[in-house]
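Here the structure comes first, spelled out in C-alpha cells, and everything after it is commentary.
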C-alpha cells in the first residue's frame, strides 16, 4: 500500500512538473507574440487545459473607473463572454479580488448572490477563482477560472493559476509599453521632420556613416535621406568643403575623447554645387557601459548670416 501511495505521489509530481514546463514554454511564446488579444487568448487556452477547468477568462479593467470592460475567453466559441462581462461587474468576489489584490476562490457561485442565478445557470458556472493581474501598484484586470460543478480549489491549482496571472500581467504591460513607445516615436518624428533644421545620427569615427537623417536634407541640400544612409563610406565626407574636412575630423575626435559634445561651423556643397554654411551641434550617444556608439546632432543653415558678416 505504501509503495502504491509513493508511486502515485511521484506520478502526481511528474504531471505537475510537466505543467510547469508548459508554462515556461508559454512564457517564451508570449515574449514573441506582438498582438495583445492573441497573446491573452493563448494564455487562457493554456490555463484551461493545464489547470483542468471548463473555462478560463481574462477580464480587463478600466484604470479610471475600475470597471471590467473586456473579456477574452478560452475555447473556440467563447459565446459566454458578453454575459460573463455583465455578471462579473456585479460579482462581489470579483470586486474583492480587485480591491484586495489577492486571489478569491469560491467553491460554489451560488454563494455570490450578486451574480444573476439564471445567467449563472445558463453559463454553467459553479466553482470560480478570481486572480488579479498586477503590475506594481496597478491592476490590469482578472484571470477567472470556472468549473461546471462546485469545486474545492487546491493550493497547487491556485499557485499554478497565479503563474498564469503573472504571465498575463507581463504580456499586458509589455503591450502597453510598446504602444506608448510607438506613439512617442510618431510624435518625435513629426517634431523632427517639421523643424527648419537637419537632424542626424552617425557613427563616431570618420567617415561618419549616417544611420538616420531627417527629410529636410532633401529641401535644404537636394540630397534624399536614402542617398545619405545607403552610403557605407559616409556621404557627408563627399560634400564637406575640402578646406573644412581636416578641422571637422580633429574637432570631433577631441570631443569624443573629452567633453562628449561639439559645435562646429563648416561648409557643405549642395546638389547644384553651391556652398552652404551650417552650424553643427552634436552630442555623443553611449551604450550602457559608457562606450560611445554614435553622434546625434542638428545642422542649422547659417549661409545668410555668413554673407552678412562678409
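Every number in this text was worked out from the coordinates using simple rules, so none of it is lab data. Given the structure is predicted, the values throughout are model-derived calculations rather than measurements. Using ideal geometry, Cβ is built from the backbone for each residue, glycine included, and neighbour counts are taken over all protein chains shown.
What does the extension gain come out to for residue 258 and residue 287, with contour length at 0.36 nm per residue minus their alpha carbon separation? Intermediate results must be reported in sequence, preceding the final value.
Working: separation 29, 0.36 × 29 = 10.44 nm, distance 1.66 nm.
Length difference between fully extended and current span is 8.8 nm.
Expected output is a single nm value to one decimal: the length gained when fully extending between residue 101 and residue 300, i.e. 0.36 nm times separation in residues minus the C-alpha distance. What is it? Could the numbers behind the result be given before it?
Working: separation 199, 0.36 × 199 = 71.64 nm, distance 5.37 nm.
That works out to 66.3 nm of additional length.
At q = 0.10 Å⁻¹, work out log10 I(q)/I(0) for region 154-256 with the Debye formula, treating every Cα as an identical point scatterer and leaving solvent out; two decimals please.
-0.50
Could you give the alpha-carbon Rg of region 217-310 over 2.2 N^0.38 Å, rounded to two decimals? Spell out each step's value before the answer.
Values: Rg = 14.2 Å, N = 94, 2.2 N^0.38 = 12.4 Å.
Normalised Cα radius of gyration, region 217-310: 1.15.
Go through 164-173, 131-140, 240-249 and give me the packing order, highest mean Cβ count within 10 Å leading.
On the way: 164-173: 21.6, 131-140: 17.4, 240-249: 13.8.
The most tightly packed comes first, giving 164-173, 131-140, 240-249.
Can you give me the distance in nm between label points at residue 270 and residue 162, each placed 7 Å from the Cα along the Cα-to-Cβ direction?
According to this spin-label approximation, the distance is 6.8 nm.
With a Förster radius of 35 Å, plug the Cβ-Cβ distance of residue 203 and residue 308 into 1/(1 + (r/R0)^6) and report the FRET value to the nearest 0.05.
0.55
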